[in-house]
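A.B. asks: Sending over a structure as structure tokens; questions will come in a sec.
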Ligand code: ATP
Ligand code: MG
């Protein structure tokens, strides 16, 4: 029997859990073939870590002593997906069942050069070399799914049991080598609900300048994973303590701790949480756009955030806001963004009910009117042209104030009157 999830695992229990895990058949197949050809092939990183934590993991990649050329030679179908990093994707199965397994050559200097047949000892040294280049100890655990061997060269299991993110080796050196790692550290703290080990956390401060040089797309990936976590505060707090925050987000004066805690209480949507953090800085529009664009968001996400940071949204949760104003605000926001806006504002039930009642089944934009531009033409109110837009805008104004006016006949009468006025 495997111990319940969340309880510390002994090495034997860790091995048992890995043995019982349902590793995808294609991964096993590729590992078996590589080993039969005389290479080492093991799982390392996220899949091993998450299996031990009892969490789902998406990518089941293999690390191998085989060079990319050797991997290509061992299989019929391969794709050099990341050959510059030593990664080959092996295609296994047929037709619809076809699946890709990524195999990455061990990183390290340990590759055998003497031409002799590699031994077990040799493979272990190469594997340990590879593991030494991984970012955190919990990501440096290896499992050979064929021989059922577990390799933990840096006490990663102890850190996993303690809920600790610790760099492999000297944290500052590792962060200076690759500036993205500081962001990965806080991201894993958030997604796993872990804490940064003291030296690892302190080292962030010394690596901020290297961090600044990292591509913003890569930073964004980590930040968005952090913001999608159950407890973003686990990562946001060290970001604030160690000076990472203002290099990624907007500086906040004042209640940063409360803001960080309030982020956990919002649903795990990047739109909601990022907008919540950015609007708390009450920035100038230009400053806000600069920070947001610095994160290289998609167009859709950028539009969502820019709408969600609008200060007027605060009015949605004020009990005194008149209904027509609620409708105008939701019209500017976009109806589809209302659920995110209410979550971001931590609206209570009363506020949600009030806003819903103001906009549900009510026209708030021209295309929701009971009368369309083509009706105006068909009914002979006006000819195609700019006047149509003007009349519809006037009708919408009336309907925003008094939703019961949104009736085809009533609008038609109004449109005729409107046209007479315009003459
Ligand atoms: P997840 O897939 O949940 O984001 P992961 O640990 O699988 O987590 P990946 O980015 O998929 O993360 O990387 C796979 C493995 O590669 C990591 O577990 C780690 O061992 C190693 N790794 C990834 N990025 C780095 C890095 N910047 N420096 C050192 N090692 C890294
Ligand atoms: Mg992964």
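A.B. asks: Looking only at region 29-63, count how many residues are assigned to a helix (DSSP H, G or I) and either over 30 Å from the mean Cα position of the chain (by Cα) or away from ligand 1 (no atom under 16 Å from the Cβ) (or both).
C.D. replies: 8
A.B. asks: So, in region 255-277, how many residues would count as being more than 19 Å from residue 338 (Cβ to Cβ) and outside any loop (DSSP other than H, G, I, E, B)?
C.D. replies: Qualifying residue count for the region: 10.
A.B. asks: Suppose we keep only residues that are within 16 Å of ligand 2 (Cβ to nearest atom) and in contact with a helix residue (DSSP H, G or I) (Cβ under 6 Å, 6 or more places away or on another chain) within region 25-49. Which one would you say is nearest to residue 123 (Cα to Cα)? Before you say what the answer is, go through the steps one by one.
C.D. replies: Filtering region 25-49 for residues within 16 Å of ligand 2 (Cβ to nearest atom) gives 27, 42-49.
If we keep only those that are in contact with a helix residue (DSSP H, G or I) (Cβ under 6 Å, 6 or more places away or on another chain) too, we end up with 45, 49.
Details: 45: 18, 49: 21 Å.
It comes out as 45.
A.B. asks: Right, here's the next one. Can you tell me which of 329, 305 is modelled with pLDDT of 95 or more, surrounded by 19 or more Cβ atoms within 10 Å (Cβ to Cβ), under 21 Å from the mean Cα position of the chain (by Cα) and assigned to a helix (DSSP H, G or I)? Can you show your working first?
C.D. replies: Details: 329 fails: under 21 Å from the mean Cα position of the chain (by Cα).
Result of the check over 329, 305: 305.
A.B. asks: With closer than 26 Å to residue 20 by Cα, assigned to a helix (DSSP H, G or I), within 11 Å of ligand 1 (Cβ to nearest atom) and in contact with a strand residue (DSSP E or B) (Cβ under 8 Å, 6 or more places away or on another chain) as the only criterion, which of 159, 130 stands out?
C.D. replies: 130
A.B. asks: Also: Under 6 Å by Cβ, and 6 or more places apart or on different chains, what pairs join a residue from region 46-66 that is within 18 Å of residue 14 (Cβ to Cβ) and without any contact (Cβ under 8 Å) to a residue 60 or more places away in the chain with one that is within 12 Å of ligand 1 (Cβ to nearest atom) and in a helix (DSSP H, G or I)?
C.D. replies: Listed pairs, sorted by first residue: 57/46; 57/47; 57/50; 60/47.
A.B. asks: Moving on to the next point. Which residues, counting only those in region 217-242, are loosely packed, with under 14 Cβ neighbours inside 10 Å and either away from ligand 1 (no atom under 16 Å from the Cβ) or not in a loop (DSSP other than H, G, I, E, B) (or both)?
C.D. replies: If the condition is that a residue be loosely packed, with under 14 Cβ neighbours inside 10 Å and either away from ligand 1 (no atom under 16 Å from the Cβ) or not in a loop (DSSP other than H, G, I, E, B) (or both), then 217 is the only one that fits.
A.B. asks: Related question: For region 163-190, which residues satisfy the criterion of being within 21 Å of residue 264 (Cα to Cα), part of a helix (DSSP H, G or I) and either free of Cβ contacts under 8 Å to residues at least 40 places away in the same chain or away from ligand 1 (no atom under 12 Å from the Cβ) (or both)?
C.D. replies: 186, 189
A.B. asks: Can you name the strands (runs of 3 or more DSSP E) wholly within region 70-114 that have at least 1 residues being over 25 Å from residue 141 (Cα atoms) and modelled with pLDDT of 85 or more? Before you say what the answer is, go through the steps one by one.
C.D. replies: On the way: elements: 78-82, 87-92, 99-105.
Per the criteria, 78-82, 87-92.
A.B. asks: Sort out which residues of region 50-66 are near ligand 2 (Cβ under 9 Å from one of its atoms) and farther than 14 Å from residue 144 by Cα, and write them in order of number.
C.D. replies: Residues satisfying the conditions are 50, 57, 58, 59.
The values are calculated or read from the model by the stated rules, or taken from the named source; none is laboratory data. What you see is a predicted model; the values in this text were computed from it and never measured. FYI the Cβ positions are ideal-geometry reconstructions off the backbone, even for glycines, and counts take in every protein chain you see.
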